[in-house]
């Protein structure tokens, strides 16, 4: 690829990475700072939980729907429309500022993210083709990882500086900038004409191992990430570490995952990373949690964070590349949308599993998710290890 072609390719894909950043940054910037805001207004824990949950609930319900819209209308149109809707929803709360409408604002943001997330995934798969799928999904995952890392920190600083209205104003501005960049630089992607398919055909496709196994990988990897981010600070608190130290450990996990995903994607495209490594990534995550079952010193927690982050980095681009490779061209958006639901379930299920078993002690919670991740790795290995067709196995030339 010439230098001019490379620059053009980067201009096309960077706005898609920006969409991934927006959904991660927007979700975590608000969620990480919502507790103090809600409890300061004397809201109940139930109200807090509902406001936290409506964003993810909207994504779980609507991602497959908008994925189907991507297949009919094209990835670029849906991505730009979703980003604009996210920006408008954020700006509306920033202008109105009514605390009672916070739940409605989060619901609207979640619905918008449900539109542009599967559209961005389909765009990455289309732009990557058979030679660059791994590296582009690695870069996309890295951009989301940066959003996960910066969201809580930046969100907290904005809330301190100007309250929740300032935070939502910045979220709106970031989303609209991303929409403008996508509209300007992402090429049009004409939808593939397809015959009408009923619900039965969809159920048949998503029940096949070629769909379920990469989704299992993505969901388990997200569960490991969210459980680590959520509960390693709890362990640090119990070991009398200050917030700076616990925040550094979480940042170590997120940074490792963000930095290693592009590398893993490039290795995948060059044929240097066997698809079975994704199962090994889940085993690494399980090993990281096993470490803090036995050892609770700060150094052990830092080591566990690095190992979990590295495992997530191995799982994510491999899972996405495999999912894109096995999707019918005329069902790419629908497949990516349904696959994103697996990630959302993992995002909620990982912390829930640790919390449920954590009633018997935090070590029991970490042991439970370690066992679950190891089981998912075993279930994923047979099919993922088979080098068949698809972008995940295609070496770059």
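Among the candidates 136, 127, the residue that is assigned by TED's automatic domain parsing to the domain that holds residue 67, surrounded by fewer than 24 Cβ atoms within 10 Å (Cβ to Cβ), touching a helix residue (DSSP H, G or I) at 6+ places or on another chain (Cβ under 7 Å) and within 21 Å of residue 316 (Cβ to Cβ) is uniquely 127. Go through the residues of the stretch 32-52 one by one and say whether even a single one is within 19 Å of residue 168 (Cα to Cα), modelled with pLDDT of 85 or more, in a helix (DSSP H, G or I) and under 19 Å from the mean Cα position of the chain (by Cα). Among the residues of the stretch 32-52, not one is within 19 Å of residue 168 (Cα to Cα), modelled with pLDDT of 85 or more, in a helix (DSSP H, G or I) and under 19 Å from the mean Cα position of the chain (by Cα), which makes the answer no.
Out of 332, 299, 353, which single residue is buried (at least 24 other Cβ atoms within 10 Å of the Cβ) and in a helix (DSSP H, G or I)? Before you say what the answer is, go through the steps one by one.
Details: 299 fails: buried (at least 24 other Cβ atoms within 10 Å of the Cβ); 353 fails: buried (at least 24 other Cβ atoms within 10 Å of the Cβ).
Of 332, 299, 353, the one residue that is buried (at least 24 other Cβ atoms within 10 Å of the Cβ) and in a helix (DSSP H, G or I) is 332.
Counting only residues that are surrounded by fewer than 16 Cβ atoms within 10 Å (Cβ to Cβ) and touching a helix residue (DSSP H, G or I) at 6+ places or on another chain (Cβ under 6 Å), the stretch 142-164 holds 0 of them.
Among residues that are buried (at least 19 other Cβ atoms within 10 Å of the Cβ), touching a residue at least 24 places away in the same chain (Cβ under 8 Å) and assigned by TED's automatic domain parsing to the domain that holds residue 354, residue 279 is included. Quick check on the stretch 234-248. Is at least one of its residues surrounded by fewer than 23 Cβ atoms within 10 Å (Cβ to Cβ), in contact (Cβ under 8 Å) with a residue 12 or more places away in the chain, under 30 Å from residue 321 (Cα atoms) and assigned by TED's automatic domain parsing to the domain that holds residue 277? No: the stretch 234-248 contains no residue that is surrounded by fewer than 23 Cβ atoms within 10 Å (Cβ to Cβ), in contact (Cβ under 8 Å) with a residue 12 or more places away in the chain, under 30 Å from residue 321 (Cα atoms) and assigned by TED's automatic domain parsing to the domain that holds residue 277.
Among residues belonging to the stretch 363-378 that are surrounded by fewer than 20 Cβ atoms within 10 Å (Cβ to Cβ) and in contact with a helix residue (DSSP H, G or I) (Cβ under 8 Å, 6 or more places away or on another chain), point out the one that is modelled with the lowest pLDDT.
If we take residues in the stretch 363-378 being surrounded by fewer than 20 Cβ atoms within 10 Å (Cβ to Cβ) and in contact with a helix residue (DSSP H, G or I) (Cβ under 8 Å, 6 or more places away or on another chain), then 378 is modelled with the lowest pLDDT.
The values are calculated or read from the model by the stated rules, or taken from the named source; none is laboratory data. Keep in mind that this is a model prediction, so the values were computed, not measured. Ideal geometry is used to build each Cβ from the backbone, glycine not excepted, and the neighbour counts take in all protein chains shown.
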